[in-house]
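Single-structure report; data block below.
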Amino acid sequence: KLSEIIQRCSAEELTRLGLGPPPRPRVPRNLDKMPVQQRIKTIQGIISAFQYNHTPSNYFNVNKDRPFCRIMDTARDIQRDALPIKCIEGAILGLFFTCGHEDLDRMALRFKTTAGGNIYRHIVLAIRHRPSANWGAVGLSRRDELMYKEMGYDSLAALVT
């Protein structure tokens, strides 16, 4: 019965009830012209604007064993649908937003944490700025300290410790 009522509502009525479509993060047009520190912080802001998906299922294809172009298609789907995402989707968005930036090297960084006797797997996108050789990371996690790291680490080892 509730679904019938929702289907009869206009988009404006649903929005007033807090049931409108999720907000879509805006990507600045001049991202590639920003200084690296600001660029990475902006990319992290875009990723963080997505809600974290606390459910056990994924809304997107997160298979990492696909051609790069298909992974980029997933990034476009994530932006279009603006559904909640997990850390893998955050790393995919990081790849998408840094694609074509010749001054950046990127690599997926996977790690595990334990809490309450449970093991949790994470993935972020580690980024190296070639001219300065500084490292940073972008991504999404339930815990802030496990995702974004500002550019400024001297090595990958310094980034992960």
Among all residue pairs at least 6 apart or on different chains, which show Cβ distances below 8 Å where the first residue, located in region 101-114, is within 17 Å of residue 34 (Cα to Cα) and the second is in a strand (DSSP E or B) and of a type outside the set (S, T, N, Q)?
-> 103/129; 104/127; 104/128; 104/129; 105/127; 105/128
Residue ID - nearest to the chain's Cα centre (by Cα), chosen from residues in region 64-83 that are in a loop (DSSP other than H, G, I, E, B), without any contact (Cβ under 8 Å) to a residue 60 or more places away in the chain and surrounded by 11 or more Cβ atoms within 10 Å (Cβ to Cβ) = 64
Check region 19-33 and report whether any residue there is touching a residue at least 40 places away in the same chain (Cβ under 8 Å) and part of a helix (DSSP H, G or I).
-> yes
Subset of region 84-105 [outside any loop (DSSP other than H, G, I, E, B) and within 19 Å of residue 142 (Cβ to Cβ)] | 85, 87, 88, 89, 90, 91, 92, 93, 94
Considering each of 6, 47, 43 in turn, give the residue that is modelled with pLDDT under 95 and not basic (Lys, Arg).
-> 6
Residue 145 passes all but one of the listed conditions (1) farther than 19 Å from residue 39 by Cβ; (2) surrounded by fewer than 13 Cβ atoms within 10 Å (Cβ to Cβ); (3) touching a helix residue (DSSP H, G or I) at 6+ places or on another chain (Cβ under 9 Å); the exception is number (3)
Assuming residue 10 fulfils every condition listed in (1) surrounded by fewer than 10 Cβ atoms within 10 Å (Cβ to Cβ); (2) under 30 Å from residue 131 (Cα atoms) apart from one, which condition is it?
-> (2)
Top-ranked residue of region 107-156 - restricted to ones that are more than 12 Å from residue 90 (Cα to Cα) and of a type in the set (Val, Ile, Thr), ranked as modelled with the highest pLDDT = 127
Name the residue, out of 50, 60, 68, that is in contact with a strand residue (DSSP E or B) (Cβ under 7 Å, 6 or more places away or on another chain) and among the aromatic types (Phe, Trp, Tyr).
-> 50
By residue number, the members of region 47-63 that are buried (at least 17 other Cβ atoms within 10 Å of the Cβ), closer than 20 Å to residue 31 by Cα and aliphatic (A, V, I, L, M) are 47
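The values are calculated or read from the model by the stated rules, or taken from the named source; none is laboratory data. This one's a predicted model, so the numbers in the text were calculated from it and none came from an experiment. Cβ sites come from the backbone with ideal geometry, for glycine too, and all protein chains shown count toward neighbours.
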